[in-house]
Amino acid sequence: MTTKTKPARKLKPVSVRFIKPDSEIGQRMYALLRELVLRYHDEIADAKIALAWQTTWQPDVDGRVTLGQCKKVGDLEREVADLHAFDFVILLQQEFWQDPRVTETQRRALLDHELTHAAVKLDEAGDAVIDECGRVAYRVRKHDLEEFSDIAARYGCWKRDLEVFASALDRARAKPPSWVGYTRLREQLIAVGATIPLDTIRSWSETERRTAQTWAEIRLELPTSIDFDCPAHVTAGREGHDDVEPSAETHAS
Ligand SMILES: [Zn+2]
């Protein structure tokens, strides 16, 4: 008897994954969420907010990537989900959030921004609207400008910056690894203000050269307003600290 092996079934990707509050990363993320709510978002202190990964967002035609979204949970879900009911779900682009090159401040700014979208629905008298089941009614607040002025005051003009940063990371991830030549790397580093002696570059491992190159490529694309930490071996190898302005200023809008 012959056994036919079925071809491996292609499974449909799931675009949204709930981040469990008791998972390792969940503990840190919900702690940050609580901290931000306590500090800046009094209004929604009683709202139940879920965090979820979004894994399938694609850049738009201009290369801008969506990094987060705040969604109000509708009446149906609120009703059916029973005990576990949430008032809001904040979706976060997983690849971005977990990229080691993204800084804590950038993650904070993103989450804080999404939290600013979460608001209580008010009546004409300015009181919270309560639904027939006794629950506070919520709404999703729109941006006042392209960015909420509160967020801009706390983190600067981070949103546009972060989108540029995220698409630069996307491109760096998509690039296949190739040999990193010494002279070319030296030139790339000079272009972003890090002058490193050729001998120092020669002493680096291939991984160190690749890390330095990725840093230089991304740094070149970023507005100077974005902090993007230089790898330690690059900092250590710099001749003095010739802070030449990177030539990426044209990206600032
Ligand atoms: Zn927004």
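The values are calculated or read from the model by the stated rules, or taken from the named source; none is laboratory data. Quick caveat: nothing in here was measured; it's all calculated off a predicted structure. All Cβ positions, glycine included, derive from the backbone under ideal geometry; neighbour counts span all protein chains shown. Surface accessibility is based on the protein's heavy atoms, side chains included, excluding ligands, DNA and RNA. Shrake-Rupley method; radii C 1.70, N 1.55, O 1.52, S 1.80 Å.
A few notes on this one:
Conditions (1) within 16 Å of the ligand (Cβ to nearest atom); (2) modelled with pLDDT of 95 or more; (3) not in a loop (DSSP other than H, G, I, E, B), marked per residue:
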residue: Tyr30; (1), (2), (3): no, yes, yes
residue: Arg34; (1), (2), (3): no, yes, yes
residue: Arg39; (1), (2), (3): no, yes, yes
residue: Thr66; (1), (2), (3): yes, no, no
residue: Cys70; (1), (2), (3): yes, yes, yes
residue: Leu76; (1), (2), (3): no, no, yes
residue: Glu79; (1), (2), (3): no, no, yes
residue: Leu83; (1), (2), (3): no, no, yes
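- Each residue in region 117-135 was checked for being open to solvent by less than 10 Å² (accessible area, probe 1.4 Å) and under 22 Å from Val16 (Cα atoms), and 1 pass.
- When Arg39, Arg64 are screened for being in contact (Cβ under 8 Å) with a residue 24 or more places away in the chain and surrounded by fewer than 18 Cβ atoms within 10 Å (Cβ to Cβ), only Arg64 passes.
- Whichever residue in region 149-192 is surrounded by fewer than 19 Cβ atoms within 10 Å (Cβ to Cβ) and not in a helix (DSSP H, G or I) and, among such residues, is nearest to the ligand (Cβ to nearest atom): Cys157
- No other residue among Leu92, Leu111 is crowded, with 19+ Cβ neighbours inside 10 Å, within 13 Å of the ligand (Cβ to nearest atom) and part of a helix (DSSP H, G or I) apart from Leu111.
- With respect to being open to solvent by 100 Å² or more (accessible area, probe 1.4 Å) and within 16 Å of the ligand (Cβ to nearest atom), Lys12 falls outside the description.
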